[in-house]
Each structure stands twice: as structure tokens, then as C-alpha cells.
């Protein structure tokens, strides 16, 4: 057994391709406790530096997947398309795109996570809604999806337990930011859910997990290839996370912005990303439509109130109070609002989303450590975005916070995050690339 | 603390140069138990793949050295030159060269190890001599050196304890065969002994630790550079371990061959390597002499009996019975001798030293595992060497063994190890290169 592992470490150390049986030996041996931490740590570093090819990755993903339970969606009628984002600051697209797709006849099942560090978490945002339950049994998950067309739930311990154990070791051994390991970790969890297709939103830029655009493209291509090798139609986009997405950052505030979007008042950047992902989800569901026609369908779903209706039923089905859709005062609110004023006149050249995410932690909207509690009402509402012309003294951000002692520090962070220049600036392009099994294409719309 | 280690792993993972303080943090933290195995395992794999430059290596070596005790040789008069071999099959040069140098006024202190796998160990060979004590206190070590001109002793637990702990982890994580880690492991132990200079014999070929000649050269250069950076004059040779060194393989048998060499009856290959290392040791001691003149001095030390006299006193000083020099029957002997006969006529083209070393384990002359006992009397005596013309049925090897049940297997192994060809073959060149602080030079003599 020890010899087996020694040989497998040596082979990956020397840059050789591992057999499926070798990868299975490592993963199952580690999960069972037969292989010690230090041998897996050495193997992970070898994988980090030497990489894995497409075949190894597909095998690794399948083996991780086999380490735990799957959630079957058999019996839920219609096409079921899962959507995954690599996370960012102000990313509330799930709450907008899922109701739109459900309103267009595509069911959207999602397993989501909590926020950590500068990025927010879908489950935390949902929990801002009074009564909302984000942990469902597989039966309740299927029933909600069948009844309302969408469902969002946290992962249970039994989904890909190998990933949980390996992630903890990667976190201690500087092997987290490794493309094959990230891709197999994400895709094994996606594949554990029995959807008909997967659409990926890989963020790039300051507030993204992958800051470099080429790295983001490579990660997206890798995951799309794993999906294809696993027989699951998978599409992806690369979208900008250089500035926060939308105007609101913070749990309650982002729920409000999502409901506003479903009422037809979504900010341009939010709608651009929503429409792009929605169009990909239609494709993955086999409902091919010209982009303009798809956008028309989505706009009609909003205008008719059907999309908001889906969101209401979804909230009610998961135990939440659907009246929040009409009365935002039912959501948790911060006690204090202060304004950040433009320190000079000019044009907004940049809003550093990473810095905004870190400022959100200061006021309790995010978590520094897993154990931290979240202040649901805290956050920021931006009144201007990159490309806007502003004048000195104008309100740029409303800060919602229960921590007045943090106000000077937050004001200073926002001052550094928001760059104002003398010259006009183009609005940033939100969707950069489309990735499908044939390769990477500049986003055409 | 964890952050510190995480950052250090990341930096080496990305191929960056580590600061001295960072290397010290890893080594001292691991020895103290503050840093867990799995983090050090990931770091070792990163070092394995990314390497270390000369500065990092000199620092690593010095830090390892600082983890334990040193053996001071202050008060021992004269120049003290340490000689180290990377090990092989039939390597008994220490027992020949140390008495020669002592007879020429250079003192030779050595810390040695046991055999494992196909390579023999200096301590095991010495312990074939009845009464011989290979574990001495530092005081006894100094006294023996001062009194007899040579001393050979096992390493204590307190010499470079960091190496012991790290080696065990490397052994489990496929990070043993890593040049910087090998070089710093060897050199930290050499530097722990307060000699005036170090001479290295890096073996290359089938029976060597490093089978590839370029790897052997690189290892030797790396160690010579570490010695220079540490202010310790260091020279090295690259010598052939493609075939066993000398005619005898096995503990008692090699002691006999060494004594024969000190009586002027050493095989050519043994004497070539002995003279080359002896000449380097004279250089390191500052006693520069033309090669031919040095060989003349060594031959005179043999002819006069002075060298054998040193070896006798050395044995007596470490508790052994010096009468073995005159009566080989006092050494342990195997109960049975069988002959391996030439299966065909021709010229010996090759004797695979690795295969011979593995056959030696079969008859108990070597160890498969650390815990194995050694049969001191077992081994092989070759009656012909590479380049010799032989005829079918001629005795090629006498097998000394207490394990008659192994005879067929050993005969088969020897048959495969010894290649006989139709055409004349040159005798192999034993000493290939000289390595000093200026670089690598073809061995000129």
C-alpha cells in the first residue's frame, strides 16, 4: 500500500500521466484514512506543479464524485439546468436568472455555498429573508424544483466528502490555487446533482478568485471539457469582476436589488450578465434561440410578472416570507446609514471590487473566518458606476452599518477603492468570452 | 505561524528564492514540532521540483548543521581531512586510504553509516572484526584520532537531528532523490565534524545512488560549492560504480581485501581509487604534491608496513582484535563455499554492480530492511574483472554463504549480472573526473 502511494507520488513528481486506478488509489485511500496526510500533501504539490491532462482530470472528478451521494432529479419533469458562479462581490445573478429561466420552462436546481473573505455567499443572502430554509432533504429539493421551477440549497456532508477532506489539506499546503484541483472540486459537486446541463460563470478581475483573464479562461475551458467528458452538456462565460456587480453589496441589499431586477429595474451590468447566462442555459437545455429573441423572452417574463411570481413561490416553498417582494422593510436593515461623498469631480475610472469586498467585511456584511456571524442588513449601495461623470461632493455610496466605529476606516477604504480621473472612461464590458466544447469565443452580443 | 509556513510553501512552489530566515523557519519549526508533517511534505515536493540555488543550499546546510551538536577536533594536532563516499558495492576504500594518509601525516576522522539495499556499509564491515566498537564518545573519538591518525565511528542521534527527521519524511514522500536535499543532508553531517577539509567520492553507474554521470557531477559540484561557501576546503572525484569495486563483496571478505591492499596486494581498481582520493586529501590538507610523487609516498607507506601499522593501532584503539591483520581465520566466515563457473568463453564485458549488490542481500551480506541482521562471513570473491579474457568452465566467483537454499537463485543472478562477449573489452576507467571550486576536470592520471 505504502509502496503503491510512493510510486504514484514519484510518477506525478516526474510529470507522468497517472492511470485512473492510481488516482482512485490516492483519493479512496485518503478518504478511508489508509494514506497519511503527508503523502497526499506531497502528491498535491506534485499535481499543482506538474498539472493533469484532460483524461486524468475527468477521472479525478469522477472518482471524487463517487466518494459520496448524488442527488437524483429523476421524476422532475422538464430540462434541469444548473448554474454555477466562481463568486465575487455583488454577484446576485442566481436570484434573477433562475426565476427568468423557470418562467421560460427551464428548471434551475442549484447547490450553493456561504461567503468567505471578500466574496459573498448565495446562502447568506437567502438567509436574509425571514424564515428561509437553505438545507433541504433530497425529497424536498426535488419537490421544490418540480413545484416552483427553481431551488437553492446548501451542500450536505454526503456530497463529495473527498473534496471536503482534500480541500482542508490544500488550504494548509498552498495547493488551493491549482487549476486541475479547482476544476475537479467544482465539477465533482456539479456532477453530483443530476441536472441535464451545467452553465458556468467564471469571474475574472480584482474581486474574482482568478484575477488573471487567461487563468479564468483556462479554468472555464477545463471545466467545460470535464463536463463534456462526463456526458453532461456544459457551457461557460467569462465575466468581469473588476468592479462590484450591480449597485448593491451586502445580503439584504442584494436581495432587494434582485427583486428590483425581477420588476424590470435591474442595473445594466446585472442584466447583461443575467441575459448572457440565461441564453447559455437555454442552449444547454436544447432550447436554441437567437440571442435577441432569448432576451425578448426574458424581458417578457419580467414585464408579465411571471418571473417575480416564480421567485415568490420559491421563497414560500423554502419557508421564507414572500411578502419581502413587496415590502423591503421586512428584511433585516442596518441601524445607521452614512454617505460617502465624491472627493473630487471627474469620471469614475475604477471601483476595485476586492477592496469593496474587504470593506464589506469591516461592517459585518461578510466573514473573515468561517465561524464569523453575518450582519444581514449591512452593506453598500453605489450611486454611480465606472464610466459615470461625477462632481465633487456628490453622494457616491450609502454605507449601511451597525458599526459606527468602523465608519472612518470604511470611508478611507472606499476612498482608495474608487478611482476618479480627469478623462471620460468607457463603461466596462461585462461579458468577455463564451466557452463551449469547441473552444473560446469573444462574447458576440 | 501557519501563515508564515503557507507563504514559504507558496514561494518555493512558484520557483522563488527563499530567504535564510524562511528556510530556518521551516527546519527549526519542523524539528520543534511546531510545523506539521503535511506542510513540510508539500514544501519538500516544491523544493524537489523547483530546486534551490547555491545560496539557499549553503543556508539550508548551515541551518541543518545548527540543529544539533558538532564534534570539535580542537586539540588534535595536524591537519584533519574527512573523506566521504556516496556508497556502492565493494567500496572498502576508507580502510585503505585512511591508513595511507595517516602514515603520511594527515589525520583522517570519519563518521560513517550502515548498509541498506544493494550498497554495503562501512560500520557493518568494521563490525566483522571481533570486538570492534563503532560508537565512541566525542572524547574517545578525538583521542583515537590523535593517537592512531584515523578513527571511524557511527553518527550519534545528536548530529544533525533535523536531517534524521526530514529524511524519514522524504523517504515516505518520494522526495529522496533530490539533489539539493541530498547535498545538504550529506554536507551538514560532514560539516558537523570539525575537520580542516573534506574529500568526496561521488560514485556513478549501475551500483551507485546516482546512476547517471551528469547527475553525479552535479551532486559533487553542489557539495563542493557548499563546502566552499562554508569556508571548508572541499574536493571531489567522480568514480565508476558500474562494476563492483575490487574482487571482494561482503563484510569479512572486504576487510581481508583491505588488509591485503595495505600489504601491497590490492587489486588495480581499488588502488586507482585509493590513490586518487589520497592525492585529493593531501591537496585538501595543503600538502600539495605532484600526483606521481604522492603515489610514491603511498607506495612507500605500504612497502614500509607503516600503513598496516596504522590500521592495526586503529583496530586496537576501537576495541577490535588487531591480530585479524595476520590471521584472517579470526574473522567470521561462511560455512559453505560454492563456485560460479563461466558459462561460455569470451571477454567479460560487464559486471552489473547493482545486480551483485542485490545478490549479496540474498545470501545475507546486506540488508533489505534496516532491522535485518547481517551475516558477516557471506559474500562474493570475483576471480576475473571487466576486460578479462575467460574460458568456459573457469571459476569466476566464489560464493560464501550459509544459505545453501539460495544457491540456485544466486547462481542465476550472477549469470545475469556477468556479461560475456566475443570481443576484447577495455578495462573500465575507475576515476572519471576531478571536481574543485573552479569546476569539473577530466581526471588527468
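Every number here is computed from the coordinates shown, using simple stated rules; none is lab data. What you see is a predicted model, and the numbers here were worked out from it, not measured in a lab. Glycine gets a Cβ as well: all are built from the backbone with ideal geometry, and neighbour counts include every protein chain shown.
Each other copy holds its own label point for residue A:194; taking that point as 7 Å from Cα along Cα to Cβ, the gaps run 7.7 nm, nearest first.
Within 10 Å of the Cβ of each residue in B:168-180, the mean number of Cβ atoms contributed by other protein chains is 4.
Neighbouring Cβ atoms from other chains, within 10 Å of the Cβ of residues in A:34-40, number 5 on average.
Principal axis extents of the Cα atoms in the protein assembly as shown, from largest to smallest and rounded to whole angstrom, are 111, 57, 42. Among A:13, A:413, A:423, the residue with the largest mean-square fluctuation in a Gaussian network model of chain A, with springs joining Cα atoms closer than 10 Å, is A:423. The angle between the Cα long axis of helix A:179-191 and the main principal axis of chain A comes to about 80°, on a 0 to 90 degree scale.
The ranking of A:313, A:258, A:67 from fewest to most other beta carbons within 10 Å of each one's beta carbon is A:313, A:67, A:258. For chain A, the longest principal axis of the C-alpha atoms and the axis of helix A:2-13 are separated by about 60°. Peptide B:43-50 has a mean shielding of 6, counted as Cβ atoms of other protein chains within 10 Å of each residue's Cβ. Pick from A:293, A:164, A:107 the residue whose mean-square fluctuation is largest in a GNM of chain A, springs joining Cα atoms under 10 Å. Answer for the Gaussian network model of chain A: A:293. Using a 7 Å projection from Cα along Cα-to-Cβ, the label point at residue A:444 is separated from the same position in the remaining copies by 7.5 nm, smallest value first. When each of the peptides A:348-359, B:135-146 is scored by how many other beta carbons lie within 10 Å of its residues on average, the order from highest to lowest is A:348-359, B:135-146. Neighbour counting of Cβ atoms within 10 Å sorts the residues A:402, A:436, fewest neighbours leading, into A:402, A:436.
Neighbour counts of other Cβ atoms within 10 Å put B:443, B:279 in the fewest-to-most order B:443, B:279.
In deg cm²/dmol and to the nearest 500, what is the mean residue ellipticity at 222 nm of chain B if only DSSP H runs of at least 4 residues count, each as -39500 (n - 2.57), divided by the residue total?
Details: 16 runs with 198 residues, N = 445.
So the calculated ellipticity at 222 nm is -14000 deg cm²/dmol.
Using a Gaussian network model of chain A in which every pair of alpha carbons under 10 angstrom is joined by a spring, one finds that among A:246, A:346, A:393 the greatest mean-square fluctuation is at A:393. The slack between residue B:146 and residue B:407, meaning 0.36 nm per residue of separation minus the straight C-alpha distance, is 89.4 nm. Both radii were evaluated on the Cα set of chain B; the Rg over Rh quotient, with Rh as the Kirkwood radius, amounts to 0.97.
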